[in-house]
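Asks: Take a look at this one; I'll ask things after.
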Amino acid sequence: MEESELHSRDANSKLLIDFTDHLVGLDSDKLSDSRQKMIDTLGHTALVEAAATVATFSMLDRIANATGIPLETEMVKMSADFREGLGINNYYSAGNTLRS
């Protein structure tokens, strides 16, 4: 693999990560800019595929919550500090997560 190809992959990775961060964030201007950069750099198809991938992860979380699948005991322990700090334990669906 040539060095220019590696730099291109790095730039595309950052573009995808930024798009994902902005998609789940609260700043609609940054999201709009990220969408346009995705289209300009990678094309419409890549934008749709990236958005579909993020949406699939969200869907899987919603399915797990709807069916009452609890978080694994080890993950409950490992995530205790940041769940508390982010207020996640206050979400209605946290009742499913914390059941073990």
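Asks: Please count how many residues of the stretch 62-71 are surrounded by 12 or more Cβ atoms within 10 Å (Cβ to Cβ) and over 12 Å from ALA94 (Cβ atoms).
Replies: Adding up the residues that qualify gives 2.
Asks: Can you list the helices (runs of 4 or more DSSP H) lying wholly within the stretch 1-93 that have 1 or more residues being modelled with pLDDT under 90? Before you say what the answer is, go through the steps one by one.
Replies: Values: elements: 3-24, 28-42, 44-67, 73-86.
Those helices (runs of 4 or more DSSP H) span 3-24, 44-67, 73-86.
The values are calculated or read from the model by the stated rules, or taken from the named source; none is laboratory data. Fair warning: this is a prediction, and the values are worked out from it, not measured in the lab. We place every Cβ from the backbone using ideal geometry, glycine too, and count neighbours over all the protein chains shown.
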